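Take a look at the structure below.
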Amino acid sequence: MSNGVKRRTALAGMAALFTGACAKVAGSDAGSSLLSAAEKWHLAAHRALANRQALAREYPRTALDLNFPANGSVTVDSDAYRASQATGFADWRLQVGGLVETPLSLSLENIRKLPQRTQITRQDCVEGWSAIGEWTGPQLSVLLDAAGVKPEANFIVFRCADTLYGSQYYESVDMVDAYHPQTIIAHALNGQPLPVGNGAPLRMRIERQLGYKHAKYLTAIEAVASFDDIDGGQGGFWEDRGYQWYAGI
Ligand SMILES: Nc1nc2c(c(=O)[nH]1)N[C@H]1C(S)=C(S)[C@@H](COP(=O)(O)O)O[C@H]1N2
Ligand SMILES: [Mo]
């Protein structure tokens, strides 16, 4: 499916989100403006979307935290994971499925051969710390375009190998963040293969949102229409426990 269709879907979502605010803006200058309320509404929706597409700040290498902290799950407590780790994750597969034309199953080698993006960004955790790291990997948009996301998909869900307090960790984003240029599937931190503590062998980087959105130990990417029927229905492990689904920074 085309990016144009995805952007229209995203715009429709933004429009729904901003109806209240826009109605107010339009109402406040009623009669005094050359723009119709509908035109203002579109302009406001466009501005909100453009704001969501803005890049997160990127830092120079001198700003790197060479001992990047590990938080939440710091490994996956399973024999399968330990066996995979022992082979350098040679058998790890990332599945791309759900509402796509062509499901994919990718090895680390497949992922390393795609066009890569490297970015130095700051991760902010709700627990009150932040750290700057250099992340490398392909953009999620490349995988989504390769799989062909169907028009009825509204969200991308990230499945993880680890369990925390007895539940599988998972996360999700809308199409604006899924197609954001800094949304990458990282296999390297500070120029080295991703350490186990930071989500080896693959983890998401969702740079415009808080740390808990950046799913570690990534096993699958799923295009879905809604997450009502996934676990607690709130779109993520921490969201099911009361955190905001949209954790924009
Ligand atoms: N699979 C998985 N992903 C996760 C977590 C987790 O526990 N499991 N913790 C989240 C939280 S709260 C933060 S702040 C970051 C921590 O990433 P780091 O360990 O690389 O610092 O990962 C996020 N992604
Ligand atoms: Mo966090």
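The values are calculated or read from the model by the stated rules, or taken from the named source; none is laboratory data. All values reported here derive from a predicted model rather than from experimental measurement. We place every Cβ from the backbone using ideal geometry, glycine too, and count neighbours over all the protein chains shown. Remember, those area values only see protein heavy atoms, side chains included, never the ligands or the DNA or RNA. Shrake-Rupley method; radii C 1.70, N 1.55, O 1.52, S 1.80 Å.
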From the list Arg122, Arg112, exactly one residue is more than 16 Å from ligand 2 (Cβ to nearest atom) and charged (D, E, K, R). Which is it? Arg112
Among residues of the range 218-249 being within 15 Å of the chain's Cα centre (by Cα) and among the β-branched types (Val, Ile, Thr), the residue modelled with the lowest pLDDT is Ile249
Would you confirm, using the coordinates I've provided, whether Val25 is modelled with pLDDT of 90 or more, touching a Lys or Arg at 6+ places or on another chain (Cβ under 9 Å) and either of a type outside the set (Lys, Arg) or more than 22 Å from Val173 (Cβ to Cβ) (or both)? no
The conditions are (1) within 20 Å of Asp162 (Cα to Cα); (2) more than 14 Å from ligand 2 (Cβ to nearest atom); (3) of a type in the set (Asp, Glu), and Glu239 fails exactly one of them. Which is it? (2)
Would you check which residues across the range 149-159 are within 13 Å of ligand 1 (Cβ to nearest atom) and open to solvent by less than 20 Å² (accessible area, probe 1.4 Å) and list them? Val157, Phe158
Looking only at the range 128-139, count how many residues are away from ligand 1 (no atom under 16 Å from the Cβ), open to solvent by less than 10 Å² (accessible area, probe 1.4 Å) and in a strand (DSSP E or B). 0
Can you work out which of the residues in the range 231-248 that are open to solvent by 70 Å² or more (accessible area, probe 1.4 Å) and not basic (Lys, Arg) is nearest to Ile206 (Cα to Cα)? Tyr246
Before we move on, is Val142 within 16 Å of the chain's Cα centre (by Cα), more than 15 Å from His214 (Cα to Cα) and open to solvent by less than 30 Å² (accessible area, probe 1.4 Å)? no
Single condition Leu144 does not satisfy, out of (1) in contact with a Pro (Cβ under 9 Å, 6 or more places away or on another chain); (2) closer than 19 Å to Phe227 by Cβ: (1)
Of the conditions (1) away from ligand 1 (no atom under 16 Å from the Cβ); (2) closer than 22 Å to Glu222 by Cα; (3) open to solvent by less than 70 Å² (accessible area, probe 1.4 Å); (4) more than 16 Å from the chain's Cα centre (by Cα), the single one that Asp162 does not satisfy is (1)
Subset tally (residues that are aliphatic (A, V, I, L, M), over 19 Å from Leu94 (Cα atoms) and within 16 Å of ligand 2 (Cβ to nearest atom)) for the range 179-227: 1
When the residues of the range 190-204 are narrowed to those that are of a type outside the set (Gly, Ala, Ser) and farther than 16 Å from Arg112 by Cβ, which ends up surrounded by the most Cβ atoms within 10 Å (Cβ to Cβ)? Met204
